[in-house]
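Report on the following structure.
The values are calculated or read from the model by the stated rules, or taken from the named source; none is laboratory data. What you see is a predicted model; the values in this text were computed from it and never measured. Here the Cβ is made from the backbone with ideal geometry for all residues, glycine too, and neighbour counts use every protein chain on show. Surface accessibility is based on the protein's heavy atoms, side chains included, excluding ligands, DNA and RNA. Shrake-Rupley method; radii C 1.70, N 1.55, O 1.52, S 1.80 Å.
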Amino acid sequence: LLAAGYFLWNAPFFQVQSAQVLGNSRLDATDINAVLGVNGRPIFTLRAAELEQSLLAAFPELASVAIRIELPSSVQARVVERIPVLTWRQGDTIQLIDQEGFAFPLRLTASTVISPVVEAAGDPPGVGLTSQDAAALLADQLAASAENPKLESAGDQAEQAPIKQEPFLKPEMVSSILSMASAAPQGAVLVYQPEHGLGWQDSRGWQVYLGDAQDIAAKLNMYKAILMRLEDEEIQPALISVEHVHNPYFRLER
């Protein structure tokens, strides 16, 4: 029995060479395999839940992962990637955002900056647990398990406490940014200020603020009406605010 067990554990017939990756377009299969770390491991030592959680922690741009393990040495990773619709630039951090508001890093080997780009001066409202926070949490759990053998294995932790990704932006805020981008004049720089909310820096010399994501269509219509009035009267504003659709205002000086 011991000899048979040793043979099964070390036989090349049962050792995994690499995982077959399906569904990826931006991420490279080599990078995914590097995180999985299945090369040369006996098939009996692999657990699907543990591998799935390791990928979700390493790649926030993955919406879902399904690992399939089959004898004698087959591992298949089917992934679903998030599709970015805008870029959120905050200080030195650049994140891509999908339609549901989930954030993931800009990997130069996997994707490029996606228009529109929002220049943010602070965190958006209602920021929950970001993908980076979730990855750090899992890393802490794994480190604690390695230091204390009495703790549950990483695989057990992955099954009992899977990573829960939280959106960085509310979906309605994403929709508002896309609507604002289509209404802003060409060359305008989209901005977010915690005090004033969403807006843009008009290339003609004034700032526009629309506030939060509520009533974005009505705010855009109000802005257009105010701008037409100012143009008719040949007034050059410094700021136009429709943060509160029923109480808009403009300023002539900064």
- prompt: Does R68 satisfy the condition of being open to solvent by 60 Å² or more (accessible area, probe 1.4 Å), farther than 21 Å from L198 by Cα and modelled with pLDDT under 95?
  reply: no
field: Leading residue by the ranking (farthest from the chain's Cα centre (by Cα)) among those in the range 103-120 that are open to solvent by 30 Å² or more (accessible area, probe 1.4 Å) and at pLDDT 95 or above
entry: E119
Hits in the range 32-52 (condition: of a type outside the set (G, A, S) and either in a loop (DSSP other than H, G, I, E, B) or modelled with pLDDT under 95 (or both)): V38, N39, R41, P42, I43, F44, T45, L46, R47
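Can you name every residue in the range 1-20 that is of a type in the set (A, V, I, L, M, F, W, C), assigned to a loop (DSSP other than H, G, I, E, B) and either within 23 Å of V65 (Cβ to Cβ) or open to solvent by less than 50 Å² (accessible area, probe 1.4 Å) (or both)?
Hits for the range 1-20 are A11, V16, A19.
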task: May I ask you to say which residue of Q165, Q160, Q132 is closer than 23 Å to A48 by Cβ, among the polar types (S, T, N, Q), open to solvent by 50 Å² or more (accessible area, probe 1.4 Å) and modelled with pLDDT under 90?
output: Q160
- request: State which residue pairs qualify: first residue part of a strand (DSSP E or B) and inside the range 81-92, second residue of a type in the set (F, W, Y) in any location, beta carbons under 9 Å apart, and separation of 6 or more residues or different chains.
  value: E81/F59; P84/F104; W88/F168; W88/Y192; Q90/Y192
statement: When every residue in the range 213-237 that is among the polar types (S, T, N, Q) and either part of a helix (DSSP H, G or I) or exposed (fewer than 12 other Cβ atoms within 10 Å of the Cβ) (or both) is compared, the one nearest to the chain's Cα centre (by Cα) is N221
statement: When restricted to G37, G23, the only residue farther than 28 Å from T87 by Cα, surrounded by fewer than 19 Cβ atoms within 10 Å (Cβ to Cβ), of a type in the set (G, A, S) and out of contact with any Phe, Trp or Tyr (no Cβ under 9 Å at 6 or more places or on another chain) is G37
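On the basis of being part of a helix (DSSP H, G or I), more than 18 Å from E119 (Cβ to Cβ) and either open to solvent by 70 Å² or more (accessible area, probe 1.4 Å) or modelled with pLDDT of 65 or more (or both), does L151 make the cut?
Against the criterion (part of a helix (DSSP H, G or I), more than 18 Å from E119 (Cβ to Cβ) and either open to solvent by 70 Å² or more (accessible area, probe 1.4 Å) or modelled with pLDDT of 65 or more (or both)), L151 does not qualify.
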